[in-house]
Amino acid sequence: MNPSTTRPTGRFIRGRGRGGGAYRPYFYFRRNGRTIPAGGGGNTNAAARANFSGCRGQGRGATHNNYYTHPPNVILDSTFLRPECYAAPDDSHQAVQSYRADMPLPCPGWYLYFPQEPYKEESTLAQRIKAVEEHYTKNQNSYDLKQIQQDKWFKLDAIHVCDDKVLINVWPQLKEDMLERAQRTLATFAVAMHKVLTMDAVNSATSQQACDKNVYVPRCTLPRKIYVRPHGFAEINLISDLDRSLLGSLCTVRGVVSAIGIVEAAASWIAYQCPRCKQEQSMKQNGFYISRPYNCKKEGCRAKKNFIEQRSSPFTRITPQQIVQLQESNIQAPLDREFDSSNTLDVELRYDLVDTLVTGEEVIICGVIKIRTLDDEQNTNPSSSVYTSQIYMKAVSIHKAKHSGHIFTQRDMDAISMINSEPDSFKLLSHSVAPELHGEEIVKAGVLLSLFGGAGSQIHDEAEINVLLVGDPGIGKSHLLEMCAKISDRGTYLSGKHWSPATQSLTSALQGRTSDILTSGALTISKTGHCAIDDIDRLAPQQDILLQIMQSKIVSLPFHNLYATMSMPTSLIAAANSLRGHYDHSRPLTENSRLSTALLQHFHLVFLLLDKSNKDLDTSLTDHIKAIHDGIKKNTAIAERFDRKPKTNNSMNLSVNDDELDDEQYDLSVRLKLKIDICGEEELDLLPPILLKKFIAYARQRLRPLLNDEAAEALKSFYMSLRDKTGEEQRCNVTTSHLAGLICLSQARARVDFAEVVTKLHVRDVLCIVRHSIADTTLSDYVDRNPATTTAPTSQRGTVKKFIQMLELRAKALGRCMFNYDEIKDMAGQAGIACGVSNLVEIANLQGYLLKKGPNVYEVMID
Ligand SMILES: [Zn+2]
């Protein structure tokens, strides 16, 4: 009998110990609508369902029946215990269990689409099908029948359908039906296409010659079920707006794929043939066991068993399915909402849509709203049921959002053109980035340019501008970063302080109970957008990933069963604290932060945010704080104002009349600073973040500015002067990536003004910002007054310079460049530098004057 000794014991196992029914195993339990034998193994679940090796109806003691004979060492697999993205039950409301699979001649394939009702010749549905069919045959060039036959799906464009007068005549409320009774309408369109395809296949089969000895003519193949992929019927909704009232209707949402489940394939219908009268019937499969027919569907036939599986019949259908999670990326979504579950939506993909998405991809998905229960069937007690359910979407068409931009309302457009007509929109925008951070106009301007982004070249669509803020703690870096994440159209905020590789991943990771759900991390979610990383220095173990992204915009994902590379063009806006709690000006940047030189090289702008003690600043800061808290500077709703303002769309910001000023003397920070007069600080009517976000998204979507000759010349001369200066100034080497960064920044500056051409004036602003950034990071003779760091050398700069000059002179005099460490130490001693030589060597090495060639061997670089 049953080898009961190997059976695992568990809390689920109950029932009679031995003996029992003919077709059911004795030990089973139900979960999510499936009957699962204890120890049967969830792993073999899908496979067993797919390969039709059903056991139902088999007598007890059948030797090949593996549900009775548990192999040894079977561990009770718990994969069926609802994973995070679990497969929703397949149309459980569809009560039809089986149907006669004959094709009514006037409408072939009818039961594939309408299994629950018979075909009636004179019904309105039949008339509609006929009209749709005519529509297909009339517009042969829009519907490629051969291709549809092969793909089993076709695109249905709203414009084509709604323009067809004949069709609309027969079916006036077509559009409403499509939106409200989506599944039935889609089935109508599909069955008509099925009919057209069948006719086409039959016609081509009868017109061609028959098989003979020399020529093989393939048999006419009947089409399988056809799926309709509608396009352009529903407006784009917000994910948070979807609710139960929309059940069964067609909706479109825009979002970023944040998690992907595994692909499951199962036979949903299996066709059987009667052994006596050859009548075919199709049985619905929705449990763990294969359902087999009990009787023949033909009247008068009394066959009860030995039905034959028809695996090649069009009525046998295997359904691959996959669940993905979508996170809202609609520009109209309100900003004040924290990340929560109302911003995400589970989407079920089927058939050809399966496996078409990758994490971090932005898509527009059209689908039917459905509901699923989260409760265990067994626990749902009708008397005291706490019935929890969740909305999900069954996708019917997927559209990549890469080339379809955001949709702006008329109100948005009015506000955008109003901002653009401000006398100095650059000032207004950069002050609106982080109103609570006082001063630091140049930093805000630099961050704003990063948010606008470069227009890219012919190879890349977008070009990233990476910004790094280094500074003392408590200056407001985190606040600035949070605002950036909010304002960017695809922004995420990541804090190195609360980050751990176990719980979050930067790129993508396999998660879930069985590690089969691919989730995306912060960098993947903000692909083509901005990732604001606070405390980037704490992500030290992940610096190679960050470096890889900044260098090549490609990241590789090594998983145990898959190796993938993903393109990840994400701009980084990062912040790092100074290493000793206080920034030390006498040391280079690499010694003040925990970031590697290679990583620092890839930031286009590096700013210092320091706690400078300055009396003027302090008084104005106090005023600023007072003003904010008194409510003077409240963000006035922009919509209120633009009724009164004349709408002059002055796209170029030419109100700056200091053109005559020399480039070197021009100071952007003065221009951007709020003017102070007798009544206090100048008041700017700051923009709310949502408007800023829309403005930036609009500019990014619309504009691809190109440099004119003057601007290119100005950039070139600045770059050349930078290259020349590297010898004297003590700074990281200037490379071509800096030139690319300069071009991107100039393009971003032009986008602020909605300009198609980058002019000299734009470049001037950018150069000013870049000069600030460079000045911030060069060594200075700034005397460090912080008592905590007084032990550090205060005026090392002069020593470094002297040391390098000495090395160069010696190298020239001796006629060789290679020295070992002892020689260098001797030379330094002769020049009067007694201590700290190893430190000097290190600094010279970092700055590229000394190259380490081997253990204790250095090469002096002479230019
Ligand atoms: Zn029969």
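Restricting the search to helices (runs of 4 or more DSSP H) fully inside the stretch 96-180 and requiring at least 2 residues that are assigned by TED's automatic domain parsing to the domain that holds ALA192, farther than 21 Å from PHE233 by Cβ and of a type outside the set (Val, Ile, Thr) gives 110-113, 124-138, 145-151.
So, in the stretch 280-314, of the ones that are among the aromatic types (Phe, Trp, Tyr) and in contact with a strand residue (DSSP E or B) (Cβ under 6 Å, 6 or more places away or on another chain), which residue ends up farthest from LEU222 (Cα to Cα)? Applying the filter and picking the extreme gives PHE288. In this structure, ARG229 qualifies as at pLDDT 70 or above and not in a helix (DSSP H, G or I). Does ILE270 meet the test of being among the aliphatic types (A, V, I, L, M) and crowded, with 20+ Cβ neighbours inside 10 Å? Yes, satisfied. Of everything in the stretch 406-427, what is of a type in the set (Gly, Ala, Ser) and not in a helix (DSSP H, G or I)? Give them in sequence order. Across the stretch 406-427, the qualifying residue is only SER421. For the stretch 238-287, the set of residues classified as within 16 Å of the ligand (Cβ to nearest atom) and within 15 Å of VAL368 (Cβ to Cβ) is empty.
Among the residues of the stretch 293-320, those identified as surrounded by 17 or more Cβ atoms within 10 Å (Cβ to Cβ), in a loop (DSSP other than H, G, I, E, B) and more than 10 Å from the ligand (Cβ to nearest atom) are SER313, PRO314, PHE315, THR316.
The values are calculated or read from the model by the stated rules, or taken from the named source; none is laboratory data. Keep in mind that what you see is a predicted model, and the values were worked out from it rather than measured. Ideal geometry is used to build each Cβ from the backbone, glycine not excepted, and the neighbour counts take in all protein chains shown.
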